[in-house]
Amino acid sequence: MNWESWQAFWAMGGYGLYVWGSFGMTALCVAGEIWLLRRHRQRTLDTLRRLQRLNQQP
Amino acid sequence: MLRFLITVVRRDVLLAVRRRGDWLTAQFFFVMVVSMFPLGVGPEPSMLRVIGPGVVWVSALLACLLSLGRLYADDFRDGSLEQMLLSPYPNSLLALGKALAHWIINGIPLLLIAPVLGIQFGLPAEALLILVLSLAIGTPILSLLGGIGAALTLGLRGGGVLITLLILPLYVPVLIFGAGAVEGAMSGTGSEAHLSLLGAFLVMSLLIAPWISSLALKVSVE
Amino acid sequence: MNLYYYASPATFYPLAGKLIPWFAGLAVVLGAIGLYISFFIAPTDFQQGEGYRIIFIHVPAAWMSMFIYLVMAFWSAIGLAFNTRLSFLIARALAPTGAMFTFIALWTGAFWGKPMWGTWWVWDARLTSELILLFLYVGYMALQAAIDAPRRADRAGALLNLVGVINIPIIYFSVKWWNTLHQGSSVSLTGAPSMAMIMLWGMLVMALAAWMYTIAVSLARSRILILERERQTEWARAQLEGQA
C-alpha cells in the first residue's frame with residue numbers, strides 16, 4: 001500500500017494538480033463520449049421513427 | 001499519351017492567361033501575407049533574418065492552398081471534367097497534367113517573387129539561391145498533394161477551408177525540409193541533405209499522388 | 001463460419017448489439033485493475049515522485065491514438081478493395097474515439113511536462129507528431145461531415161485515411177529531424193524513468209482497457225450509422241418498431 005491516508009492520496013506527493021488533472025480530463029472525455037453517443041442514438045431513433053410514421057400515414 | 005498530357009497542361013495555362021485576375025490574386029496574397037509578418041513581430045533585422053525562410057515557406061503553402069480550390073472546380077461546373085475523365089487515357093495522367101499546370105501557373109511565379117521577399121527579410125545572397133532552389137523542388141509537391149485534396153473536396157460546400165484542413169498536415173515534411181534547407185545555408189550546416197530529401201519526396205509524390213487523385217476524382221464525380 | 005454473413009449490415013447490427021455489453025464489461029474490469037495497479041501497486045518513482053503516475057494514461061492513450069488510425073486505414077483499404085460498406089462504417093465509427101485518445105495523449109503530455117520540465121508544451125518530436133495526428137483525424141471527420149452522399153463520403157474518407165497513413169512515417173521522421181536540428185531547449189523525453197515490470201504491466205492493462213472501450217464505443221457508433229443508412233430496408237423498419 002502506497003498511501004498513509006486519503007489526504008496523501010489526493011495530494012499525490014505534491015503532484016495532485018497534474019495527476020488528477022490528467023486522470024480527470026480522461027474521465028471527462030470518456031464520460032462525454034458515452035453521453036454524446038447515447039444522445040446521438042436516441043435522437044437518431046426518434047427521427048427515424050418519426051419518418052416511419054409519416055411514411056405510413058398516407 | 002504525352003500529347004494528352006501536354007494538351008491538358010496547355011489548356012489550363014491558356015485559361016489562366018485569359019483570366020489573369022484570378023491567378024494574380026494568389027500571387028498578391030503571397031506577397032501580402034509575407035509582408036504582414038514584419039508588422040507583427042517588429043522590424044529588427046536579426047529577428048527577421050531568423051524567421052524569414054519559415055515565413056516565406058508558410059506563406060507559399062497558404063498561397064498554394066488558396067488557388068487549389070479552383071483546380072478542378074471550374075471544369076467540374078461546366079461538365080468538361082467528366083468529358084476528360086471519359087477520355088481513353090488513364091485518369092492519373094489527367095491528374096498529373098492538372099497538377100503540372102497548377103504548378104506552372106502558381107508555383108513558378110512564387111519562385112520569381114520569393115527572392116524579392118527574401119531580400120526584404122535580409123537573407124544573404126546564398127540563402128536566396130537556396131530559397132529559390134528549395135521552392136523549385138518543393139512547390140511541385142504542394143501542387144501534387146494538393147490535387148488530392150482538390151479532387152476529394154470537389155463540389156462540396158466550404159471546400160476552400162476544408163481543403164486546408166485535409167492537406168496542410170500533409171505539407172508538414174515539405175515545410176520542414178524547405179525552410180530547413182534555407183536555414184542550413186544561413187547557419188553554415190549545409191542544405192544538401194534537406195534538398196535531397198525534398199527531392200525524394202517529390203519523386204514519391206510524382207509516383208503516387210496522380211494515381212490517388214484520379215481515384216478521388218472518380219469517387220467525387222460519379 | 002462465413003465471414004461474409006456478418007459483413008451484411010442486417011446481421012451485423014444485432015451481433016454488435018450483443019457484443020457491446022461484453023466489451024464494455026471487459027473495459028470496466030480491466031480499467032479498474034489498471035487503475036488499481038497505477039495507484040496502489042506501482043511504487044513511487046524515486047526521480048519523479050508520484051507525478052509519474054500520469055504515464056498510466058499518457059502512454060496507453062498515445063498507443064491507442066496511433067493504433068486506431070492504423071486500424072481505420074486497414075478497414076478503409078478493405079472497403080476500397082472489396083467494396084464492403086460495413087468496413088467504411090467501422091473506419092468512420094472509430095475516428096472520433098481515435099481523436100479523443102489523441103487529445104488525451106496531448107493533454108496528459110502537457111500535464112506531465114509541466115512538473116517535470118517546467119513547461120506545458122515543448123516542440124518535441126513526439127508531441128508535435130501527435131498534434132499533427134490530431135489534425136489528420138480532424139481532417140478525416142471534417143471531410144466525412146461535409147459530404148452528404150454516403151457512397152462518396154465513405155470512399156473519399158477512405159482515400160484520405162490511406163494518404164494519411166502513407167504520410168505518417170514521413171511526417172514523424174521529418175519532425176524528428178527538425179527537432180534534432182533545433183535543439184533549443186535541453187529538454188529530452190528519453191530521460192523517462194527506466195521501466196519497471198510493474199509499470200509495464202499497468203500500462204498494458206490500461207491499454208487493453210482502452211482497446212475494449214474503443215471496440216464497445218465504435219460498435220455502438222457503427223450501429224447508429226447502419227440504422228441511418230439502412231432505414232429504408234425491411235429489417236431496419238422492423239428493428240425500429242421492435243424498440244418503440
Task: Per-residue Cβ neighbour rank within 10 angstrom, fewest leading, B:Leu144, B:Leu195 - done: B:Leu195, B:Leu144
TODO: Determine ³J(HN,Hα), in whole Hz, for all residues of segment B:184-200 in sequence, where each value follows from phi through the Karplus function 6.51 cos²θ - 1.76 cosθ + 1.60 and θ = phi - 60°; x replaces Gly and Pro.
DONE: x, 5, 6, 8, x, 7, x, 10, 4, 4, 4, 5, 6, 5, 4, x, 4
Task: Residues C:Phe88, B:Phe201, A:Phe9, sorted so that the one with the fewest Cβ neighbours within 10 Å comes first - done: A:Phe9, B:Phe201, C:Phe88
Open item on the list: Between 0 and 90 degrees, rounded to the nearest ten: what's the tilt of helix B:108-120 against the longest Cα principal axis of chain B?
Closed with: 20
TODO: Any lysines with Cα under 21 Å of the B:Lys98 Cα? List them, leaving off those in the same chain fewer than 8 positions away.
DONE: B:Lys218
Task: Estimated FRET transfer efficiency when R0 is 56 angstrom, pair B:Met1-A:Glu4 (beta carbons, to 0.05) - done: 0.10
Open item on the list: What is the angle, in °, between the Cα long axis of helix C:9-36 and the longest principal axis of the Cα atoms in chain C? Nearest 10 is fine, range 0 to 90.
Closed with: 20
Open item on the list: What whole-number distance in Å separates the alpha-carbon centres of segment B:74-123 and segment C:50-76?
Closed with: 38
Open item on the list: What is the sum of charges, Lys and Arg at +1 and Asp and Glu at -1, for the other residues whose Cβ falls under 12 Å from the Cβ of B:Ser143?
Closed with: 0
Task: Unit charges at the beta carbon, dipole of chain A: most positive-side option, A:Leu36, A:Ala11, A:Leu54 - done: A:Leu54
Open item on the list: Show me, for segment C:209-222, the HN-Hα J-couplings you get by feeding each phi into the Karplus relation (A = 6.51, B = -1.76, C = 1.60, θ = phi - 60°), rounded to Hz, glycine and proline as x.
Closed with: 4, 5, 5, 4, 4, 4, 4, 4, 5, 6, 4, 4, 5, 5
Task: Under 20 Å from C:Lys176, Cα to Cα: aspartates and glutamates that are on another chain or at least 8 residues apart - done: B:Glu183, B:Glu192, C:Asp124, C:Glu130
Open item on the list: Please give the Cα centre distance for segment C:206-244 versus segment B:159-206, rounded to the nearest Å.
Closed with: 42
- [ ] Calculate the mean, over all residues of peptide C:53-60, of how many other protein chain Cβ atoms lie within 10 angstrom of the residue's Cβ.
- [x] 4
Task: Neighbour-count order for B:Phe76, C:Phe74, C:Phe56, C:Phe82, fewest beta carbons within 10 angstrom listed first - done: C:Phe82, C:Phe74, B:Phe76, C:Phe56
TODO: Round to the nearest 0.05 the FRET efficiency obtained for B:Leu207 and C:Glu228 when R0 = 45 Å and r is the Cβ-Cβ distance.
DONE: 0.75
- [ ] Measure nothing but the geometry: give the 0 to 90° angle between the long axis through the Cα atoms of A:16-56 and the longest principal axis through the Cα atoms of chain A, rounded to 10°.
- [x] 10
TODO: Have a look at C:Phe82, C:Asn167, C:Ala10 and report the one farthest towards the positive end of the charge dipole of the protein assembly as shown, computed about the Cα centre with Cβ charges (Lys/Arg +1, Asp/Glu -1).
DONE: C:Ala10
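Here, each number is a calculation from the coordinates, and none is a lab measurement. Since the model is a prediction, treat every value here as computed from it, not as a measurement. Ideal geometry is used to build each Cβ from the backbone, glycine not excepted, and the neighbour counts take in all protein chains shown.
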